[in-house]
Amino acid sequence: MTARIAIVTTVDLAVPDADEELLLPHLPEAELVAWDNPEVDWASYEVAILRSTWNYTERLPEFLEWASRISGVTRLVNPLETVVWNTDKRYLDDLAARGLPVVPTTFVEPGETADAALLTGSVVVKPSVGAGSAGAALFHDDEAAAAAHLASLHADGRVAMIQPYLSQVDEVGETALIYLGGKFSHAARKAAILSRGMSLVHGAVRGREDRAV
Ligand SMILES: Nc1ncnc2c1ncn2[C@@H]1O[C@H](COP(=O)(O)OP(=O)(O)OP(=O)(O)O)[C@@H](O)[C@H]1O
Ligand SMILES: [Mg+2]
């Protein structure tokens, strides 16, 4: 049988995705397809579901150009407009404008400087386009190091963001709420990462356990 569902990954996955190994046996009409494989005929799939395209953070314009192109020939899940909005954490400003509580965030473009007061105390400096905590760093009362990290993100051409460190993440973790078809389905708790010097590699947890709640 020809696969009808493309579960979209990348040719560049550092480690196999554990979720996909669990999912694929239950979806015989699906197969793993890489967004960055130029040989793929996207029109041959009824639907393309974004799953483990982790290198989008390094190649965002190219990734969005690909998403736009395939949206014309197959049904992209999530829709293009959502993908464009959601791949850059500047969406936090939109959420705040709609009255949702968000972590106080200052975005700093390359070429701009940050107010020193924002870099004092316990602060997180991270890229506005990022995943798996790559490029995110925590500083305690070290304005010079925080400024240096900001400068290194800018040198990479990235928009940086500064947030206060939320200590609740150490106490209760971070809870992801999963909605399916607009209805709450379940939640997953993530342990603190930055205060424990941990990182994620292409979505795989290194040195910590995620726990379903
Ligand atoms: N302001 C903050 N306070 C406490 N912890 C933070 C803060 N910002 C980031 N972290 C920690 O760093 C991790 C990664 O940060 P964040 O979730 O913002 O980016 P990401 O996981 O790389 O991107 P995305 O969530 O969009 O995939 C978080 O899961 C959390 O553990
Ligand atoms: Mg995150």
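The values are calculated or read from the model by the stated rules, or taken from the named source; none is laboratory data. Owing to the predicted nature of the structure, the values given are computational and were not obtained by experimental measurement. Note that we place each Cβ from the backbone using ideal geometry, even for glycine, and neighbour counts take in every protein chain shown. Ligands, DNA and RNA are stripped out before the accessible areas are found, and what is left, the full protein with its side chains, is counted by its heavy atoms. Shrake-Rupley method; radii C 1.70, N 1.55, O 1.52, S 1.80 Å.
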Cut-off 10 angstrom, C-alpha nodes, Gaussian network model of the chain. Which of 196, 51, 98 fluctuates the most? 98
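Quick check: from the Cα gyration tensor, does the stretch 101-155 come out rounded (a/c under 1.5), prolate or oblate?
On the way: a/c = 1.27, a/b = 1.10, b/c = 1.15.
Since a/c stays below 1.5, the shape of the stretch 101-155 is classed as rounded.
Go ahead and estimate [θ] at 222 nm for the chain from helices alone: -39,500 (n - 2.57) per DSSP H run with n ≥ 4, summed, over the residue count, rounded to 500. The partial results should precede the final answer.
Values: 6 runs with 50 residues, N = 213.
Only helices count here, giving -6500 deg cm²/dmol.
How large is the dipole of the chain about the Cα centre if only Lys and Arg carry +1 and Asp and Glu carry -1, each at its Cβ, rounded to the nearest 20 debye? Before the final figure, lay out the partial values.
Numbers: 17 positive and 30 negative charges, 105 e Å.
With Lys and Arg at +1 and Asp and Glu at -1, about 500 debye.
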If each residue of separation counts as 0.36 nm, what is the full-extension length gain between residue 80 and residue 41 once their alpha-carbon separation is subtracted? 12.2 nm
Could you check the spin-label model distance between residue 91 and residue 116? Points 7 Å from the Cα along Cα→Cβ, value in nm. 3.7
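Would the stretch 5-86 count as rounded, prolate or oblate if I go by the C-alpha gyration tensor, calling it rounded below 1.5 in a/c and otherwise prolate when a/b exceeds b/c, oblate otherwise? All intermediate terms of the calculation are to be shown ahead of the outcome.
Working: a/c = 1.62, a/b = 1.20, b/c = 1.35.
It is oblate, given that a/c is not under 1.5 and a/b is not larger than b/c.
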Taking the chain as the reference, fit the longest principal axis to its C-alpha atoms, fit the long axis of helix 60-71 to the helix C-alpha atoms, and give the angle between the two in degrees, 0 to 90, nearest 10. 30
In degrees rounded to 10, the 0-90 angle between helix 143-155 Cα long axis and the longest Cα principal axis of the chain is 40
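If one computes P(r) from the Cα atoms of the chain, what percent of pairs lie at distances over 22 Å?
Values: 13031 of 22578 pairs.
Tail of P(r) above 22 Å: 58 percent of Cα pairs.
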Report the residue, chosen from 89, 183, 126, that carries the largest GNM mean-square fluctuation when the chain is represented by alpha-carbon nodes joined by springs under 10 Å. 183
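Could you grab the relative contact order for the chain? Cα pairs under 8 Å, six or more apart, rounded to a whole percent. Spell out each step's value before the answer.
Details: 335 pairs, mean separation 35.9, N = 213.
Once divided by the residue count of the chain, the mean separation gives 17 percent.
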Using a Cα-Cα cut-off of under 19 Å, which lysines could be cross-linked to residue 126, ignoring same-chain neighbours fewer than 8 residues away? 89, 190
Report the antiparallel proportion of the DSSP beta bridges in the chain as a percent, rounded to a multiple of 5. 65
Pull out the extension gain between residue 18 and residue 175, defined as 0.36 nm times the separation in residues minus the alpha carbon to alpha carbon distance; nm, one decimal. 54.5 nm
Could you check how much of the accessible area of the chain is carbon and sulfur, as a whole percent, using a 1.4 Å probe? 54
